[in-house]
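Any read-out appearing in this document is the output of simple, stated calculations on the displayed coordinates, not a laboratory observation. Everything numeric here is computed off the predicted structure, so don't read it as measured data. Quick reminder, even Gly has a Cβ in these numbers, built from the backbone with ideal geometry, and neighbours come from all protein chains shown.
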Amino acid sequence: MSDDEDEEPAVTLGEKTPVEGAPLARVSSRLTWPKEKSEIDRLEGDSVVRTPDGPRELSNVLEEVDETYFQRRQEFEGEVRDVIGTGPVPTADD
């Protein structure tokens with residue numbers, strides 16, 4: 001870092017606020033593709049994912065997904081996001 005640059009970050013960072021559940025991308029990255037919905041449920045169904053409405057168990061989300069086979073990770077994530085929605089995730093302080 002040069003002497004001309006500020007020592008503080010350009011953006012003020014807030015305190016860490018806990019968020020319940022794991023990001024969907026983290027859960028799906030632990031799997032290999034292609035994969036059947038039943039196999040995803042067996043392997044990761046007890047994982048809790050973050051949603052705009054609060055944390056939800058993946059097994060419960062999968063019950064609302066009509067697709068039974070996912071060729072790619074992106075296809076799986078798209079179907080799950082159609083169920084859980086997108087948007088800000090509430091923090092433990094909300």
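Data for the structure
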quantity	calculated
Extension gain from Trp33 to Asn60, taking 0.36 nm per residue of separation minus the Cα-Cα distance	7.6 nm
Under 13 Å, Cβ to Cβ, from Thr32 - net charge with Lys/Arg +1 and Asp/Glu -1	+1
Segment 33-73, relative contact order in percent, only Cα pairs under 8 angstrom and at least six apart counted	55 percent
Whole-percent pair-distance distribution, where bins are 5 Å wide, for the alpha carbons of segment 44-94	5, 20, 29, 26, 13, 5, 2, 1
Net length gained if the chain between Asp53 and Val19 were fully extended (0.36 nm per residue, minus Cα distance)	11.0 nm
Surrounding net charge for Ile84, when Lys and Arg each add one and Asp and Glu each subtract one, Cβ distance under 13 Å	-4
Mean Cβ neighbour count within 10 Å, used as a protection proxy, ranking 43-53, 61-71 highest first	43-53, 61-71
